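S.K.: The structure that follows is given in the form of structure tokens.
The values are calculated or read from the model by the stated rules, or taken from the named source; none is laboratory data. Please read these numbers as outputs of a predicted model, since none were measured by experiment. Here the Cβ positions follow ideal geometry from the backbone for every residue, glycine too, while neighbour counts run over all protein chains shown.
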Amino acid sequence: MKFGPVPLGEAEGAVLAHSLRAGGRVLKKGAVLGREALAALGAEGLAEVVVARLEPGDVAENEAAEALARAIGGDGLTLTKAHTGRVNFKARGPGVLVVDAGKVRAINAVDPGLTLATLAPFTRVTKGLLAGTVKVIPYAVPGAALEAACAAAEGALRLAPVVLKRAAVVLTEVPGQKPTITEKGREAVVGRLNALGIDVAEVAVVPHEEAALAAALGAARADLALILTGSATSDAHDVSPQALRRAGGWTVSACRWTRATCCSSGPWARCR
């Protein structure tokens, strides 16, 4: 692609590089200059104009953006129509964004004019949220560069949809706890679940006691059970983890020494 000022007489069919006002209207950057637009610019006293001119093998910005976005695929994501060299990926529904950082880097390393930007890996998204963007920065890119980027693009970005459909929420209360605190906790947890498209099958409020909490967990009939305690958990043998074990479950904790995920009966048990 050639870029720079040219005489008006040589600018027909070129792409206007910068927006200009002529004949009472605005000629927007990216517009292909025709005779009428050039005549209006000439009437404004301009002798030359800054343009981009495609060379053989170049691919125009919108066509290139669409090609790269299609190569990425984006399962679970909707592609917008290309405009000014940009195609957006929007979530079709709630879920978690899965990003292959290596492929994103590979795409962005091909040519300075081709870019893919995304939300952080494993970001929780809702329907319609902007998850990523393909942007072709210049008005055209070399076809060979576009082909190389497309070859590296498949699977760079996708949406992992929510698979759990129903949840149970168990809240515990300590003596003297204000009802408003319980209600705020309920609203916060239920709101987040609903945002993910998960129905709340039941909400149980029980005393902050091991037996009561274990019974509520054992009675829950859902794909997922969440506990929000009225008192913070301070030890692996505190009320909530003990109640979970009593109900037939087990705890998962972060290992201080390896930063790995452990399944253990104690917080610092050896990883396995």
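S.K.: Go through segment 93-112 residue by residue and tally those that are modelled with pLDDT under 95 and of a type in the set (Asp, Glu).
M.R.: Here the count works out to 0.
S.K.: Residue under question is residue 204, and the condition is that it be surrounded by 15 or more Cβ atoms within 10 Å (Cβ to Cβ) and either more than 28 Å from residue 128 (Cβ to Cβ) or touching a His at 6+ places or on another chain (Cβ under 9 Å) (or both); does it hold?
M.R.: On the way: surrounded by 15 or more Cβ atoms within 10 Å (Cβ to Cβ): yes; either more than 28 Å from residue 128 (Cβ to Cβ) or touching a His at 6+ places or on another chain (Cβ under 9 Å) (or both): yes.
Against the criterion (surrounded by 15 or more Cβ atoms within 10 Å (Cβ to Cβ) and either more than 28 Å from residue 128 (Cβ to Cβ) or touching a His at 6+ places or on another chain (Cβ under 9 Å) (or both)), residue 204 qualifies.
S.K.: Identify, from the list 86, 92, the residue that is within 19 Å of residue 140 (Cβ to Cβ) and in contact (Cβ under 8 Å) with a residue 12 or more places away in the chain. Show your work before the answer.
M.R.: On the way: 92 fails: within 19 Å of residue 140 (Cβ to Cβ).
Every option except 86 fails the conditions.
S.K.: Identify all residues within segment 169-184 that are under 24 Å from residue 218 (Cβ atoms) and of a type in the set (A, V, I, L, M, F, W, C); write none if there are none.
M.R.: Keep residues of segment 169-184 that are under 24 Å from residue 218 (Cβ atoms), which gives 169-175, 177, 182.
Listed by number, the residues that qualify are 169, 170, 171, 174.
Matching residues to (1) modelled with pLDDT under 90; (2) among the charged types (D, E, K, R); (3) more than 30 Å from residue 158 (Cβ to Cβ):
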{"position": "16", "(1), (2), (3)": "no, no, yes"}
{"position": "24", "(1), (2), (3)": "yes, no, yes"}
{"position": "27", "(1), (2), (3)": "yes, no, yes"}
{"position": "32", "(1), (2), (3)": "no, no, yes"}
{"position": "43", "(1), (2), (3)": "yes, no, yes"}
{"position": "66", "(1), (2), (3)": "no, yes, no"}
{"position": "71", "(1), (2), (3)": "no, no, no"}
{"position": "77", "(1), (2), (3)": "no, no, no"}
{"position": "91", "(1), (2), (3)": "no, no, no"}
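S.K.: I've got another one for you. Across segment 227-266, what is the number of residues that are assigned to a loop (DSSP other than H, G, I, E, B), modelled with pLDDT under 65 and over 33 Å from the mean Cα position of the chain (by Cα)?
M.R.: Matching residues across segment 227-266 total 2.
S.K.: OK, next. May I ask you to list the residues in segment 14-48 that are touching a residue at least 24 places away in the same chain (Cβ under 8 Å) and under 22 Å from residue 64 (Cα atoms)?
M.R.: 14, 15, 16, 17, 18, 30, listed by residue number.
S.K.: Among the residues of segment 106-115, are any among the aliphatic types (A, V, I, L, M), closer than 17 Å to residue 148 by Cβ, without any contact (Cβ under 8 Å) to a residue 24 or more places away in the chain and surrounded by fewer than 15 Cβ atoms within 10 Å (Cβ to Cβ)?
M.R.: Just the residues of segment 106-115 that are among the aliphatic types (A, V, I, L, M), to begin with: 106-107, 109-110, 114.
Next, from what is left, pick out any that are closer than 17 Å to residue 148 by Cβ: 106-107, 109-110, 114.
Retained after the next criterion (residues that are without any contact (Cβ under 8 Å) to a residue 24 or more places away in the chain): 109.
Of the ones still in play, those that are also surrounded by fewer than 15 Cβ atoms within 10 Å (Cβ to Cβ) are 109.
Yes, that holds for at least one residue.
S.K.: Of the numbered conditions (1) in contact (Cβ under 8 Å) with a residue 24 or more places away in the chain; (2) closer than 30 Å to residue 116 by Cα, residue 198 satisfies every one except a single condition; which is it?
M.R.: Unmet condition: (2).
S.K.: Can you name the condition, by its number, that residue 123 falls short on among (1) in contact (Cβ under 8 Å) with a residue 40 or more places away in the chain; (2) within 30 Å of residue 224 (Cα to Cα)?
M.R.: Unmet condition: (1).
S.K.: Quick check on residue 222: is it at pLDDT 90 or above and not in a loop (DSSP other than H, G, I, E, B)? Can you show your working first?
M.R.: Numbers: at pLDDT 90 or above: yes; not in a loop (DSSP other than H, G, I, E, B): no.
No: the conditions fail for residue 222.
S.K.: Return a yes/no flag: does segment 216-230 have any residue that is without any contact (Cβ under 8 Å) to a residue 40 or more places away in the chain and farther than 30 Å from residue 54 by Cβ. Break it down stepwise before answering.
M.R.: At the first step, the residues of segment 216-230 found to be without any contact (Cβ under 8 Å) to a residue 40 or more places away in the chain are 218-219.
Of the ones still in play, those that are also farther than 30 Å from residue 54 by Cβ are 218-219.
Checked segment 216-230: at least one residue is without any contact (Cβ under 8 Å) to a residue 40 or more places away in the chain and farther than 30 Å from residue 54 by Cβ.
S.K.: Looking for whichever is in contact with a helix residue (DSSP H, G or I) (Cβ under 9 Å, 6 or more places away or on another chain) and not assigned by TED's automatic domain parsing to the domain that holds residue 212 here; the options are 120, 151. Which one fits?
M.R.: Values: 120 fails: in contact with a helix residue (DSSP H, G or I) (Cβ under 9 Å, 6 or more places away or on another chain).
Going through 120, 151 in turn, just one is in contact with a helix residue (DSSP H, G or I) (Cβ under 9 Å, 6 or more places away or on another chain) and not assigned by TED's automatic domain parsing to the domain that holds residue 212: 151.
S.K.: Do you know which of the residues in segment 130-172 that are among the β-branched types (Val, Ile, Thr) and farther than 30 Å from residue 183 by Cβ is surrounded by the fewest Cβ atoms within 10 Å (Cβ to Cβ)? First the steps, then the outcome.
M.R.: First, pick out the residues of segment 130-172 that are among the β-branched types (Val, Ile, Thr): 133-134, 136-137, 141, 162-163, 169-170, 172.
Okay, now just the ones that are also farther than 30 Å from residue 183 by Cβ, so 133-134, 136-137, 141.
On the way: 133: 17, 134: 32, 136: 28, 137: 13, 141: 29.
Residue satisfying both the conditions and the ranking: 137.
S.K.: Something else now. Take residue 192 and tell me if it is of a type in the set (Lys, Arg) and either in the same structural domain as residue 214 (by TED's automatic domain parsing) or more than 30 Å from residue 240 (Cα to Cα) (or both). Show your work before the answer.
M.R.: Numbers: of a type in the set (Lys, Arg): yes; either in the same structural domain as residue 214 (by TED's automatic domain parsing) or more than 30 Å from residue 240 (Cα to Cα) (or both): yes.
So residue 192 fits the description; yes.
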